[in-house]
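The values are calculated or read from the model by the stated rules, or taken from the named source; none is laboratory data. As the structure is a prediction and not an experimental result, all values here were calculated from the model. Here the Cβ positions follow ideal geometry from the backbone for every residue, glycine too, while neighbour counts run over all protein chains shown. The area values use the complete protein model at the heavy-atom level, side chains included, leaving out ligands, DNA and RNA. Shrake-Rupley method; radii C 1.70, N 1.55, O 1.52, S 1.80 Å.
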Amino acid sequence: MRTQIIPAIDIIDGRCVRLSQGDYDRRRVYDASPEDMAKRYADCGVRRIHVVDLDGAKSSSPKNLKTLERMAVGASVEIEWGGGIKSEDALRALFDYGADCAIVGSVAAREPELFIEWLLRFGGERMILGVDVRDGRVSVNGWREDLNLGVDDMVGEFLPHGVKQVVCTDISKDGMLQGPSFDLYTVLQRRYDGVDFTVSGGIGSMSDIVRLDELGLRKVIVGKAVYENRITLKDIERWSLNE
């Protein structure tokens, strides 16, 4: 099976934005609404979209739930949602408003016992471990704080408890359109074959996705490259129809 393309939609104040290297001061706002983008992707044959509530990530609780609800109602596509999931109430709210999967990073890093509880309660199909790395260290709280943890520390902690999906973002590559960290993801996927790693950060063209496919990577997030028209909806449609 070919590498699955998962388009990204980042949201601030209900609008589509893209940041460069996680910097809120280096943002670009786009005209299309999150609901419109979700429908466009669904019409291209995309099976899942990756949505980040940047307001939620900054304030430690989900802030764009109504937008999530409109996206879920308006588009026949799975939604994986991250940003500000710090409590079970927040987690349940996401599922109630239409998210299929929840991406959890900061809680997993800081309160591993709580994330283990969620893994056991909701299952590895719905709970996604979010691991954002900068210079080999895990970053939390909207990428504003780096911890003395690595990717292997995080995956190793939760592997015995049923983690099946990991979205790993290389912050140094995010929004730069210069290609992902191919070596990082290749090593991780080979080391943990039972886990699906999603490549996140740096995708600048379809050639990057072709190379990831050749390397055996299973999932990839594309964001800015679409908004900047380096990857077209037609490119995504052709690729998705041949998965």
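Just how many % of Cα pairs in the chain lie over 27 Å apart, if you round to the nearest whole percent? Cα-Cα pairs in the chain separated by more than 27 Å: 26 percent. Peptides 193-202, 146-155, 21-30 ranked from most to least packed by the mean count of surrounding Cβ atoms within 10 Å: 193-202, 146-155, 21-30.
At 222 nm, what helix-only mean residue ellipticity would the chain give, in deg cm²/dmol to the nearest 500, using -39500 (n - 2.57) for each DSSP H run of four or more?
Values: 11 runs with 92 residues, N = 243.
Computed mean residue ellipticity for the chain: -10500 deg cm²/dmol.
Using DSSP, restrict attention to beta bridges with both residues in the range 70-161 and report what percent are antiparallel, rounded to the nearest 5.
Working: 4 of 10 bridges.
Taking every DSSP beta bridge with both residues in the range 70-161, the antiparallel ones total about 40 percent.
Modelled spin-label separation between Ala93 and Leu120, with each label point placed 7 Å from Cα along the Cα-to-Cβ direction: 2.6 nm.
What is the gain in length, in nm to one decimal, between Glu78 and Ser172 on full extension, counting 0.36 nm per residue of separation less the C-alpha to C-alpha distance? Can you show the working numbers first?
Values: separation 94, 0.36 × 94 = 33.84 nm, distance 2.76 nm.
Stretched out fully, the Glu78 to Ser172 stretch lengthens by 31.1 nm.
Sorted into 5 angstrom bins from 0, the C-alpha pair distances of the range 29-81 split as 4, 20, 30, 24, 14, 5, 1 percent.
A compact globular protein would have a Cα radius of gyration near 2.2 N^0.38 Å; the ratio found for the range 55-110 is 1.06. Annotation: amide H of Val199 within the under-5 Å range of Lys219, Val220, Ile221, sequence separation 5 or more or interchain, hydrogens built in the peptide plane. Under 5 Å from the amide H of Asn141 lie the amide H atoms of Ser106, each residue being 5 or more positions distant or on a separate chain, with H modelled from the backbone and absent for Pro and chain starts.
Count the DSSP beta bridges whose two residues both fall in the range 1-69, then state the antiparallel fraction as a percent rounded to the nearest 5.
On the way: 7 of 11 bridges.
The antiparallel fraction comes to roughly 65 percent.
For the range 119-179, divide the Cα radius of gyration by the Kirkwood radius and give the resulting Rg/Rh value with two decimals. Present the calculation step by step, with values, prior to reporting the outcome.
Values: Rg = 12.6 Å, Rh = 12.4 Å.
Radius of gyration over Kirkwood radius for the range 119-179 works out to 1.01.
Most simply put, the chain has about 25% antiparallel DSSP beta bridges, counting only bridges with both residues inside it. With a cut-off of 12 Å between beta carbons, the residues surrounding Arg70 carry a summed charge of -1, where Lys and Arg count +1 and Asp and Glu -1. Using the Cβ of Gly216 as centre and a radius below 15 Å, the other residues enclosed give a net charge of -1, where K and R count +1 and D and E count -1.
If I compute solvent accessible area with a 1.4 Å probe over the protein chains, what percent of it on the chain is carbon and sulfur? Show your work: numbers first, answer last.
Details: 4450 of 10390 Å².
Carbon and sulfur together cover 43 percent of it.
Evaluating kT/(6 pi eta Rh) at 20 °C and 1.002 mPa s, with the Kirkwood radius of the range 1-51 over Cα pairs in the Stokes-Einstein relation, gives 180 µm² s⁻¹. Probing with 1.4 Å while keeping every protein chain in the model, the per residue accessible area of the chain equals 43 Å². Mean sequence separation of contacting Cα pairs (under 8 Å, at least six apart), scaled by the length of the chain, corresponds to a relative contact order of 21 percent.
Note on the chain: lysine pairs with Cα distance below 18 Å, sequence gap of 8 or more or different chains, count 10.
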